[in-house]
Structure formats: structure tokens, C-alpha cells
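Here the structure is laid out as C-alpha cells; the discussion comes afterwards.
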Amino acid sequence: MTVFSRMVLGLTQAGPVRRTITTTRPGLALARRFVAGDTLDEAVHVSKRLNSNGYQVSLDLLGEEVSDAATASGATSEYLACLDRIRGDGLDANISVKPTQLGLAIDEALAFRNISKLAIEAARTGTTVTVDMEDSRYTEATVRMYEKAQAEHGNLGIAIQSCMRRTPADLTRLVPLGGHIRLCKGAYVESEEVALQSKGDIDRAYAAQLHQLMAAKGVKPAIATHDQDLVDLGTALSARRSDPFEFQMLYGVRTELQKHLLASGHPLRIYLPFGSEWYPYLTRRLAERPANLGFFMRAVVGR
Ligand code: FDA
């Protein structure tokens, strides 16, 4: 993450900025670009539109850093309702879950029980569960939870972050488990001790890991990036791959590139967040592309 991106992230933590974004029309419009809506109904509506245009979907109920078991259990129930809609509405979709939303920051065993419920229901629905990767405080516990859940249920996948110094070792642990592995650059502010810092170093790590994943058997790589060079590398490597893989992109980001990839015949899954807890997610999208915040500021001043 660049110094500028860190500054934007710092700025969005300030109370007045948060209030302006969450209560004004331009702020809500900005959120709508990246988030399907507050409710499951809205997410289902957008999913149907995406499916009818040829995209697969991964539904993400927003929420993280849950600090009590009841809220974690509530999030699990909402995800069960989501799987019910995937089945009932015949959506081409899976779910993406944040471990701390299921209770990982409170108790690893609780998060494991919750993810197991989701994996069992997802299997009945004929779909999968992807475990999102959060910041480095949770990486080891997340990998541990995933190893256990994937060994037991077999229908999970996990996100790994190229910026993390531990990722090559994690790949050695994760590839033999099968499932799908979502390769992303990493969205959190991390220290130099645990993570690569420059865009060049992160992009080189991503390319090396992409080569490794696209050559691996028994695992489904998910190429999760909007970086043109890395998308091109993924496309080139896919020509040599007979096993399944897919591209993944975030709802509202580089939609022209999304259309282009799909039109070229590549499988593309759109990560589709929904729910009222959208602010932390939005701040990460603003930090990745500070120009997004500029558009918003101009809209506020224009009013
Ligand atoms: P990069 O940031 O270099 O951006 C490449 C280009 O894409 C930019 O030049 C710009 O044009 C465009 N772009 C990128 N972000 C944009 C934005 N917000 N708005 C407008 N344009 C933008 N991270 C994580 O830590 N844990 C996770 O579980 C996940 N999960 C995940 C799922 C999926 C499907 C995707 C695509 C990404 C994630 N991420 C994630 C986020 C990921 O780590 C990363 O922060 C973003 O994808 C941005 O990195 P890029 O690879 O797109 O490259």
C-alpha cells in the first residue's frame, strides 16, 4: 500500500469524514458503486442481473471484527439464509466469508463451528465457501481453520495475499488440500516485517505465485486482480491449463475490463458485497484508488 493510500485510509477513519460519507447523498452513491445494497433481496437482484450477463457471483455479507458470540451466530444465520436464496432463486453463486465475522477474534473453535455449518449447507446447495483473508493478526488462525474445515468438508477455498512474506510457505500448506485458492495482492496496511511494501515487489510476488498456482493440479486458482499486466499473465497461463480456474473481480471495479474478459470467453466471478456494515469495505476501496475519494469530495463541494 502506497504512502498516499495509507493517508487516505487514515483520513477515512476520522469521525467527520465517516459521517459525511455515511450520511450524504454523494457518500451513499459512492458506496452504491461498490456494494449491492443493504439487504439480501438487493444482493439477489444484482446477482440475477450479473448471472444473466454471464458472470458468476460470490456473495459477501459485510461485517468484520465481531466481538461477541451472538453477533457471530447472527452472521452465520444470515449466510444460511443467503445459501437458501442461492438454491431457491437458482443463482450461479457461492459465498465469501470473513473469519472474524464468524467469531475468529473471540474463539477459534466458535469460528470453526460456524464455518462448518456454512460448508455443510453450501454442499447441500451444490456450491462452495471462500474464506476471505483479513489482516496479519488473523492469518495463521485463518489458515489453521481453513485446513481443518477443508479436510472435513472439501468444498471450501481460501484467499491468500501476495504481499505477505509468509505466502510462499502458506501455498505449500494449502495447494495439497485442493479447493480453490484466490490469489489477491492484499488490502490491509501491514508492517515491513510481515509484508512487502512496494508495488513492484508485490506484483513480482503475485506473478511468481500465479505461475505456481496455474501449473498446480487438483486446485482451482482464482485470479483476483484488476491489474492489466497480471490479468494478461493469467490469460497467457490459462492457454496452457486444462484444469479449472477463474478470474475474480470486485463489483464496480474496472467494469470494462470485466466485460472484455468475459467476451474473450474467460470465466469471471464478481465479488458482490451487501449489508449495512459497508464502511470498512468502502475505505479499503478508496485507499486502493484515492481518485475515488476525489470524485466524492468534488460531489460534496459541488452541493
Ligand atoms: P492494483 O491495486 O494495482 O490495481 C490495478 C488497477 O485496478 C488500478 O490501476 C485501477 O485501475 C484498478 N483498481 C484497483 N482497485 C480499484 C478501486 N478500488 N477502484 C477503482 N479502480 C481500482 N484482499 C484481501 O486482503 N483479502 C481478501 O480476501 C480479498 N478478496 C478479494 C477478492 C476479489 C475478487 C478481489 C478482486 C480482490 C480481493 N481483495 C482481497 C483485494 C485485493 O487484495 C486488492 O486490494 C485489490 O484487488 C486491488 O488490487 P489489484 O490486484 O486490483 O491491483
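The values are calculated or read from the model by the stated rules, or taken from the named source; none is laboratory data. All values reported here derive from a predicted model rather than from experimental measurement. Glycine also receives a Cβ, built like all others from the backbone with ideal geometry; neighbour counts cover every protein chain displayed. Remember, those area values only see protein heavy atoms, side chains included, never the ligands or the DNA or RNA. Shrake-Rupley method; radii C 1.70, N 1.55, O 1.52, S 1.80 Å.
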Looking only at region 251-268, which residues are over 24 Å from ARG6 (Cα atoms), under 20 Å from the mean Cα position of the chain (by Cα) and open to solvent by 20 Å² or more (accessible area, probe 1.4 Å)? THR255, GLU256, LYS259, LEU262, HIS266, PRO267
For region 109-165, give me each residue that is small (Gly, Ala, Ser), part of a helix (DSSP H, G or I) and open to solvent by 10 Å² or more (accessible area, probe 1.4 Å). ALA109, SER116, ALA123, ALA141, ALA151
Residue count, region 215-225 (criterion: of a type in the set (A, V, I, L, M) and open to solvent by 10 Å² or more (accessible area, probe 1.4 Å)): 3
The residue that is surrounded by the fewest Cβ atoms within 10 Å (Cβ to Cβ), considering only those in region 42-82 that are without any contact (Cβ under 8 Å) to a residue 60 or more places away in the chain and aliphatic (A, V, I, L, M), is ALA70
Failed condition for LYS98, given (1) surrounded by 13 or more Cβ atoms within 10 Å (Cβ to Cβ); (2) modelled with pLDDT under 95; (3) within 21 Å of the chain's Cα centre (by Cα); (4) under 30 Å from GLY200 (Cβ atoms), with all others met? (2)
When the residues of region 112-140 are filtered to those that are among the small types (Gly, Ala, Ser) and under 18 Å from the mean Cα position of the chain (by Cα), which remaining residue is farthest from VAL57 (Cα to Cα)? SER136
In region 83-118, which residues are away from the ligand (no atom under 16 Å from the Cβ), among the polar types (S, T, N, Q) and without any contact (Cβ under 8 Å) to a residue 40 or more places away in the chain? SER116
Specify the residue that is surrounded by the most Cβ atoms within 10 Å (Cβ to Cβ); the eligible residues are those in region 17-41 that are among the β-branched types (Val, Ile, Thr) and closer than 19 Å to LEU286 by Cβ. VAL35
Restricting region 16-65 to residues that are assigned to a helix (DSSP H, G or I) and among the polar types (S, T, N, Q), which is modelled with the lowest pLDDT? THR20
Looking at region 231-246, which of its residues are out of contact with any Pro (no Cβ under 7 Å at 6 or more places or on another chain), among the hydrophobic types (A, V, I, L, M, F, W, C) and touching a residue at least 24 places away in the same chain (Cβ under 8 Å)? VAL231, LEU233, LEU237
Of the conditions (1) in a helix (DSSP H, G or I); (2) more than 20 Å from ARG241 (Cβ to Cβ); (3) β-branched (Val, Ile, Thr), VAL175 satisfies every one except a single condition; which number is it? (2)
Within region 215-230, which residues are away from the ligand (no atom under 16 Å from the Cβ) and aliphatic (A, V, I, L, M)? ALA215, ALA216, VAL219
Evaluation of ARG173 against (1) touching a helix residue (DSSP H, G or I) at 6+ places or on another chain (Cβ under 8 Å); (2) without any contact (Cβ under 8 Å) to a residue 40 or more places away in the chain; (3) within 13 Å of the ligand (Cβ to nearest atom) (one fails), failing number: (3)
Which of the following residues is closer than 21 Å to LEU50 by Cβ, polar (S, T, N, Q) and either exposed (fewer than 13 other Cβ atoms within 10 Å of the Cβ) or modelled with pLDDT of 95 or more (or both): GLN228, GLN197, GLN248, GLN212? GLN248
Hey, any hits in region 279-295 for a residue that's aromatic (Phe, Trp, Tyr), buried (at least 22 other Cβ atoms within 10 Å of the Cβ) and in contact (Cβ under 8 Å) with a residue 12 or more places away in the chain? no
